Amino acid sequence: MTDVSVVGCGNMGGALIEGLARDGRHEVVGCDVDPDALAAVEPYCRTTDDLAVATDAPVVVLAVKPDAVPELLAALDLAPETALVTLAAGVDRSYVAAHADATVVRVMPNLAARSGQMAAAVAWDQPDERVAAMLDAVGEFVVIDESLMDAATALNGSRPAFVFYLLRAMKEAAAAEGLGDDAPQRLPARPLRGAAQPHHRADEHRA
């Protein structure tokens, strides 16, 4: 049996699938109605466009946009013991639980799942070891009250995009200054990685 199914193989679903594949400890199936989305994740998992096949797993991840959640929930047929993980921003667990016979966990991940460096925010009633194992495979997570999920979305879900923009700008500036091919790729990233380490103190480099 597949132990994780990801319904929705777009940016976030694809990043999660790729990260789980790199970790190698989960059997994953990706489900989407878009052939191009399935083709993109085919190197990393078994793929299907059949929702019934995708939901035959102990952990089912809904990696779809918020406006697609109602229609998808109406089509789901889950066992009560299934862990249903929703990644949809702004969709409360109470809404999902009212439309699905499963244990509902809400997660705000980010695209760093692809490289195993994700930090996720999780809201659940009780810890679920299956979901915890999946998240640990692609990074780490913190448990928060669901009332704080919007703040976590701004902090965690959106912030990597700003870092990507910053890195691109730094690389372009370095290339414009004539630093060659290798330096613009390597010099900006390493300091950011070091600054992000938990032991780093922001005041260490003050004048």
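Here are some notes:
- Unmet requirement for Pro80, which otherwise passes all of (1) part of a loop (DSSP other than H, G, I, E, B); (2) at pLDDT below 95; (3) open to solvent by less than 60 Å² (accessible area, probe 1.4 Å): (3)
- Listed here are the strands (runs of 3 or more DSSP E) enclosed by the stretch 93-168 that have at least 1 residues being open to solvent by less than 70 Å² (accessible area, probe 1.4 Å) and modelled with pLDDT under 90: 118-123.
- Enumeration of residues in the stretch 11-42 that are buried (at least 23 other Cβ atoms within 10 Å of the Cβ) and farther than 24 Å from Asp136 by Cβ: Asp32
- Taken over the stretch 43-60, the criterion of being open to solvent by 10 Å² or more (accessible area, probe 1.4 Å) and either within 23 Å of Ala75 (Cβ to Cβ) or of a type in the set (Val, Ile, Thr) (or both) is satisfied by Cys45, Arg46, Thr47, Thr48, Asp49, Asp50, Leu51, Ala52, Val53, Thr55, Asp56, Pro58.
- Selection within the stretch 66-112 - of a type in the set (D, E, K, R) and in contact (Cβ under 8 Å) with a residue 40 or more places away in the chain: Asp92, Arg93, Arg106
Here is a yes/no grid of residues against (1) charged (D, E, K, R); (2) in contact with a strand residue (DSSP E or B) (Cβ under 7 Å, 6 or more places away or on another chain); (3) assigned to a loop (DSSP other than H, G, I, E, B):
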site: Asp36; (1), (2), (3): yes, no, no
site: Val60; (1), (2), (3): no, yes, no
site: Ala68; (1), (2), (3): no, no, no
site: Val85; (1), (2), (3): no, yes, no
site: Val91; (1), (2), (3): no, no, yes
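- Test for Thr86: is it closer than 19 Å to Ala113 by Cα and polar (S, T, N, Q): yes
The values are calculated or read from the model by the stated rules, or taken from the named source; none is laboratory data. If you're wondering where the values come from, they're calculated on a predicted model, not measured in any experiment. Note: ideal-geometry Cβ built from the backbone for every residue, glycine included; neighbour counts use all protein chains shown. Each accessible area value is taken on the protein alone, full model and side chains, heavy atoms only, with ligands, DNA and RNA left out. Shrake-Rupley method; radii C 1.70, N 1.55, O 1.52, S 1.80 Å.
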